[in-house]
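First the structure, in the form of structure tokens, and then the observations on it.
What follows is calculated from the coordinates using simple rules that are stated; it is not laboratory data. Since we're looking at a predicted model, the values are computed, not measured. Methodologically, a virtual Cβ is constructed for each residue, glycine included, from the backbone with ideal geometry; neighbour enumeration extends over all protein chains shown.
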Amino acid sequence: MYMNDINKEFYKKLGISDKAYDIGQRALERIKDQFALIDANAEINQMKVLSAFQKHRVSESCFMPTSGYGYGDVGRDILEEVYATCFHGESALVRPQMISGTHAITTAFFGNLRPGDEILSPVGKPYDTLDKVIGIVPASGSLAEFDITYKQVDLLEDGSFDYEKIKNAITEKTRLVTIQRSKGYVTRKTFSCEEVRELARFIKDIKSDVIIMVDNCYCEFVGVEEPLDYGADIIVGSLIKNPGGGLSPIGGYIVGKEEYVENAAYRLSSPGLGKEVGSSLGVIKSMYQGLFMAPTVVASALKGAIFASAIYEDEGFKVAPKFDEPRYDIIQTITFGEPAAVCRFCEGIQAAAPIDSFVRPEPSDMPGYISQVIMAAGTFVSGASIELSADAPMREPYTVFYQGGLTWAHAKFGILLTLQKLIDASMVDT
Ligand SMILES: *Cc1c(COP(=O)(O)O)cnc(C)c1O
């Protein structure tokens with residue numbers, strides 16, 4: 001038997017029909033060039049990570065769990081040096097005490113802003129969880145309550161920067177410009193490092209002492225460029241997304257200019273203490289190993305996204321990005337236009353999961369969302385969207401946000417299963 005026939009038999013046992021399998025094979029033929037590029041990028045990123053480990057002489061003693069104040073926690077300090085080297089920053093704060101991406105961004109904001117300062121977002125509204133941090137939605141303890149104001153300039157109709165309005169929005173008060181690269185959960189495009197550079201240059205020409213902060217969530221290791229080489233002063237992200245490689249059980253990072261990282265550390269622990277305290281408990285080894293795995297894990301997630309894009313475009317649905325478009329984050333959107341198809345897709349992802357595969361996801365109300373949301377994920381680390389997952393707000397135009405996959409084989413199976421669910425429901429017609 002040929003390799004393909006053997007595979008086909010395996011998949012059939014797992015509920016993938018010949019029809020779904022053949023659609024998948026057809027897509028694979030078309031995406032070979034994209035896969036080659038992803039593998040080449042992963043190779044470069046792997047070497048980048050490896051050489052940072054070697055440069056800072058990571059040794060087994062770095063993995064020793066510490067407790068209490070954590071004075072002189074060598075593993076913690078060296079991991080931060082490894083991050084700084086990897087992402088081309090002067091300094092880094094990488095801690096299990098930073099719970100999530102939102103917490104890392106909050107820490108960077110509060111550490112670096114003072115009453116009277118203003119934040120500018122020149123790329124439209126930031127990620128939903130930041131609404132209450134900034135005070136876009138009133139909340140106790142928001143930046144707004146500390147007299148730190150916020151301005152936003154939306155993108156132009158075609159998705160480009162509104163330079164005229166950005167120029168007008170910058171005043172004496174503007175202290176920090178936040179640039180979210182990833183689309184998050186809206187349907188705009190994701191920004192490349194080149195675009196970050198263009199924007200950062202424009203802004204610094206008008207006011208040179210602003211801090212350019214890049215929300216780098218979902219973008220790490222997707223390409224080989226780093227925003228800190230492209231005009232960013234600090235980058236911020238979550239360790240249960242790309243750089244945690246699926247292994248880090250918690251954490252956030254802030255990398256960039258020494259002064260700004262130090263300010264954030266003063267906020268995270270205490271003024272005067274900063275990076276000197278904070279034990280790494282027993283999780284530091286997974287943070288190291290996760291970073292080491294991250295380039296290939298991200299590559300797997302990207303392959304899954306491209307595979308899904310090719311299949312569903314072929315089936316007549318609107319996808320973004322298209323399989324052959326450049327990618328800057330791991331998110332794939334597929335617009336189904338009807339609620340039932342969204343549910344079938346999410347059921348496929350859930351049924352493919354290593355954890356909770358027997359659960360059937362259903363739309364439900366979520367705090368902070370105006371419409372119901374359906375979420376599919378069966379993950380080792382709760383909420384980790386570097387693992388195979390999909391979610392969708394149940395409203396027009398019924399778009400699914402698909403991301404993650406620790407291995408390409410798993411992502412592939414998950415997508416074939418979504419296709420099978422749609423075929424069974426007669427919702428695709430090739
Ligand atoms: C996920 C995400 C965040 C928030 O990170 P959490 O870890 O979920 O708190 C912020 N910005 C973007 C673009 C994200 O994708």
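General remarks:
- Qualifying residues in region 253-266 (those that are surrounded by 19 or more Cβ atoms within 10 Å (Cβ to Cβ) and not hydrophobic (A, V, I, L, M, F, W, C)) - the one nearest to residue 229 (Cα to Cα): 256
- Filter result for residue 74 (in contact (Cβ under 8 Å) with a residue 40 or more places away in the chain, aliphatic (A, V, I, L, M) and either on the phi > 0 side of the Ramachandran plot or more than 16 Å from the ligand (Cβ to nearest atom) (or both)): no
- Region 161-186: number of residues that are buried (at least 19 other Cβ atoms within 10 Å of the Cβ), within 16 Å of the ligand (Cβ to nearest atom) and not hydroxyl-bearing (Ser, Thr, Tyr): 7
- Members of region 192-228 that are surrounded by fewer than 24 Cβ atoms within 10 Å (Cβ to Cβ) and part of a loop (DSSP other than H, G, I, E, B): 192, 207, 208, 209, 210, 223, 224, 225, 226
- Count - residues of region 80-91 that are surrounded by 21 or more Cβ atoms within 10 Å (Cβ to Cβ) and either within 16 Å of the ligand (Cβ to nearest atom) or not in a loop (DSSP other than H, G, I, E, B) (or both): 6
- Within region 174-188, residues that are in a strand (DSSP E or B) sit with their Cβ atoms under 7 Å from residues that are among the hydroxyl-bearing types (Ser, Thr, Tyr) and crowded, with 16+ Cβ neighbours inside 10 Å, at 6+ positions apart or across chains, in these pairs: 178/121; 180/127.
- Annotation: residue 50 fulfils all but one of (1) surrounded by fewer than 19 Cβ atoms within 10 Å (Cβ to Cβ); (2) on the phi < 0 side of the Ramachandran plot; (3) touching a Leu at 6+ places or on another chain (Cβ under 7 Å); the unmet one is (3).
- Residues in region 410-427 include none that are under 16 Å from residue 218 (Cα atoms) and either touching a helix residue (DSSP H, G or I) at 6+ places or on another chain (Cβ under 7 Å) or not hydroxyl-bearing (Ser, Thr, Tyr) (or both).
- Residue in region 250-261 that is of a type in the set (Phe, Trp, Tyr), touching a residue at least 60 places away in the same chain (Cβ under 8 Å) and part of a helix (DSSP H, G or I) present: yes
- Flag if residue 67 is touching a residue at least 40 places away in the same chain (Cβ under 8 Å), away from the ligand (no atom under 16 Å from the Cβ) and in contact with a helix residue (DSSP H, G or I) (Cβ under 6 Å, 6 or more places away or on another chain): no
- For residue 313, the requirement of being more than 30 Å from residue 69 (Cβ to Cβ), free of Cβ contacts under 8 Å to residues at least 24 places away in the same chain and not hydroxyl-bearing (Ser, Thr, Tyr) is met.
- Test: residue in region 190-213 that is within 16 Å of the ligand (Cβ to nearest atom) and either in contact with a His (Cβ under 8 Å, 6 or more places away or on another chain) or among the charged types (D, E, K, R) (or both): yes
The rows are residues; the columns are (1) in a helix (DSSP H, G or I); (2) more than 30 Å from residue 323 (Cα to Cα).
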residue: 16; (1), (2): no, no
residue: 22; (1), (2): yes, no
residue: 27; (1), (2): yes, no
residue: 42; (1), (2): yes, no
residue: 47; (1), (2): yes, no
residue: 53; (1), (2): yes, yes
residue: 71; (1), (2): no, yes
residue: 93; (1), (2): no, yes
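Residue by residue, here is whether (1) away from the ligand (no atom under 16 Å from the Cβ); (2) under 22 Å from the mean Cα position of the chain (by Cα) holds:
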position	(1), (2)
78	yes, no
118	yes, no
131	no, yes
134	no, yes
137	no, no
143	no, no
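- Filtered residue count, region 106-144, keeping only those that are out of contact with any Gly (no Cβ under 7 Å at 6 or more places or on another chain) and part of a loop (DSSP other than H, G, I, E, B): 15
- Hey, residue 6 hydrophobic (A, V, I, L, M, F, W, C), part of a helix (DSSP H, G or I) and exposed (fewer than 12 other Cβ atoms within 10 Å of the Cβ) or not: yes
- Residue check for residue 389: within 16 Å of the ligand (Cβ to nearest atom), without any contact (Cβ under 8 Å) to a residue 60 or more places away in the chain and closer than 26 Å to residue 291 by Cβ: yes
- Just one of the listed residues (374, 370) is among the hydrophobic types (A, V, I, L, M, F, W, C), in a strand (DSSP E or B), farther than 19 Å from residue 243 by Cα and away from the ligand (no atom under 16 Å from the Cβ), and it is 374.
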